[in-house]
Every structure is written in C-alpha cells, then in structure tokens.
1. Does LEU156 satisfy the condition of being surrounded by 14 or more Cβ atoms within 10 Å (Cβ to Cβ) and either of a type in the set (A, V, I, L, M) or out of contact with any Ser or Thr (no Cβ under 7 Å at 6 or more places or on another chain) (or both)?
2. Do we have any residue at all in the stretch 136-147 that's in a strand (DSSP E or B), at pLDDT 95 or above and in contact with a Ser or Thr (Cβ under 6 Å, 6 or more places away or on another chain)?
3. Check ARG37, ARG23 and return the single one that is basic (Lys, Arg), in a helix (DSSP H, G or I) and over 23 Å from GLU168 (Cα atoms).
4. With ALA173, ALA121, ALA106 as the choices, which residue is farther than 19 Å from LEU36 by Cβ and under 14 Å from the mean Cα position of the chain (by Cα)?
5. Please count how many residues of the stretch 93-135 are part of a loop (DSSP other than H, G, I, E, B), more than 15 Å from ligand 2 (Cβ to nearest atom) and within 14 Å of LEU152 (Cβ to Cβ).
6. Kindly indicate whether any position in the stretch 100-110 is within 16 Å of ligand 1 (Cβ to nearest atom) and more than 15 Å from PHE8 (Cβ to Cβ).
7. For the stretch 29-41, which residues satisfy the criterion of being without any contact (Cβ under 8 Å) to a residue 60 or more places away in the chain and surrounded by fewer than 16 Cβ atoms within 10 Å (Cβ to Cβ)?
Amino acid sequence: MENHLRLFIAASLPSELITRLDRDILTAPELRKSGLRPVPAQNLHLTLHFIGETPETKLPDIDSALERAVGGIAGFRVRLVGGGCFPNRRSPRVFWIGIDSEASQALGSLAKTVKNELRKAGIGGDPKPFRPHLTIARVGERFDADQDAGALLKKLDAFNSDPFEINEIVCCASDLSRGKPVYEKVIEKRLIG
Ligand code: ATP
Ligand code: MG
C-alpha cells in the first residue's frame, strides 16, 4: 500500500522566541488547567496551509510547487501581539497569540500563493479562509471555560514579541500515532533575502 503523510506548510519561529514563549506562556499557571493541552515548545509554528493525508510520492510535486511559490516573495518581519481563541470565548477549542496587522497581510498573501501553487499541482487541502495565528493550546472536554478562559485570554493578550524575520517556509509531516504529535520537516524553502 502507498505510504501516506499528514502534511502541512508552516513558517518556523526563531529559537529565542520559542524559549521565551515556553518560559512566559506555555509553562505559566494560566496554561496548567484541566482539559487544556499546551502545544509542546518544539512544535510551535505558524501554519500557512494544511494539506492533510497525501501519498509520499507527491513530495516532488509539492517541492516544485513551493519552489514556485517562494520565487517572488521576499522575507518579512513579524511581531506576535495579543491573543484570543477560536471559535468563541464561551466554548473555545484553540487558544492563540496573534500577529501584527502588517505581517498578517504578508502571511495571508504568502499562504494564498502557497495554496494556489499547490492547487495547480493537484494538491488540495483545508478550504477554510486563512486566519494568521500562533496556536498555543488546544482544548479538551474537561476544560472549564467559565472558570479558566478569562485569565488565560488576559495572559495571551498581554504578550508582545520583538520583531523577527520570516525567511523560510517548511513542509512538515505530522505523526499522530505516538500519543503526542511529532512533526518532521520534509521540505524547506527560503524566501528571497
Ligand atoms: P493534535 O491534532 O493531536 O492536537 P496537532 O494539531 O499539533 O496535534 P495536526 O492535527 O497534524 O497536529 O496538525 C498539524 C498542523 O496543521 C497544526 O498547525 C494544525 O493546527 C493544522 N491543522 C490540522 N488540521 C487542520 C485542518 N483541518 N484545517 C486547518 N489546519 C489544520
Ligand atoms: Mg490537530
């Protein structure tokens, strides 16, 4: 049988920022709540496009689509600012930190280009509109939003990062078979310097 990979396209974060997010956010008391699953520090990333289960044999097509996508796009600066949750505060599924508005536009346009080039290569994926965000924690059944969402949202909303550069995108394979999600980088493409 053909081997399938669960693929997504993302921008990675600088290691100093990951260290700071781990220290100031992921390990904060507001995140240690029943039913809340903070993203492991090494998995933090900005998702650009979710492809999903795909035959491994499609990787060369994905590689050339990404090559075309980054061809005309320059690296850009991003700041993480503020926080929120999807889909709403009463019944949150995902808590996130946001992206400054200028970088949100640049990320949106990068995500659109990636999605279009992949589509031209016959690679589909998540059809939902792109909403730039950094996922910080996922919510399980035992989470008590009435009790715990407020302080967590306040914590996330107070976060501000120094500007950092997005200068490459990656295609990762996500392995959900080991209890915890394990991501492996399978393609890397640099934006124009
Ligand atoms: P888990 O699903 O076990 O909580 P995870 O979400 O980290 O772990 P994946 O579900 O493989 O791992 O997701 C990998 C990336 O793709 C994450 O950024 C996730 O938010 C995003 N993603 C997953 N499914 C979808 C989807 N249906 N639409 C859009 N993005 C998705
Ligand atoms: Mg998931």
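1. It is true that LEU156 is surrounded by 14 or more Cβ atoms within 10 Å (Cβ to Cβ) and either of a type in the set (A, V, I, L, M) or out of contact with any Ser or Thr (no Cβ under 7 Å at 6 or more places or on another chain) (or both).
2. Taking every residue of the stretch 136-147 in turn, none turns out to be in a strand (DSSP E or B), at pLDDT 95 or above and in contact with a Ser or Thr (Cβ under 6 Å, 6 or more places away or on another chain).
3. The conditions single out ARG23.
4. From the options ALA173, ALA121, ALA106, the qualifying one is ALA173.
5. 0
6. Within the stretch 100-110, one or more residues are within 16 Å of ligand 1 (Cβ to nearest atom) and more than 15 Å from PHE8 (Cβ to Cβ).
7. If the condition is that a residue be without any contact (Cβ under 8 Å) to a residue 60 or more places away in the chain and surrounded by fewer than 16 Cβ atoms within 10 Å (Cβ to Cβ), then PRO29, ARG32 are the ones that fit.
Table: residues versus (1) without any contact (Cβ under 8 Å) to a residue 40 or more places away in the chain; (2) surrounded by fewer than 17 Cβ atoms within 10 Å (Cβ to Cβ).
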position: VAL70; (1), (2): no, no
position: ALA74; (1), (2): no, yes
position: ARG79; (1), (2): no, yes
position: PRO87; (1), (2): yes, yes
position: TRP96; (1), (2): no, no
position: ASP100; (1), (2): yes, no
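The values are calculated or read from the model by the stated rules, or taken from the named source; none is laboratory data. All values reported here derive from a predicted model rather than from experimental measurement. Here Cβ is always computed from backbone atoms with ideal geometry, including for glycine, and neighbour counts include all displayed protein chains.
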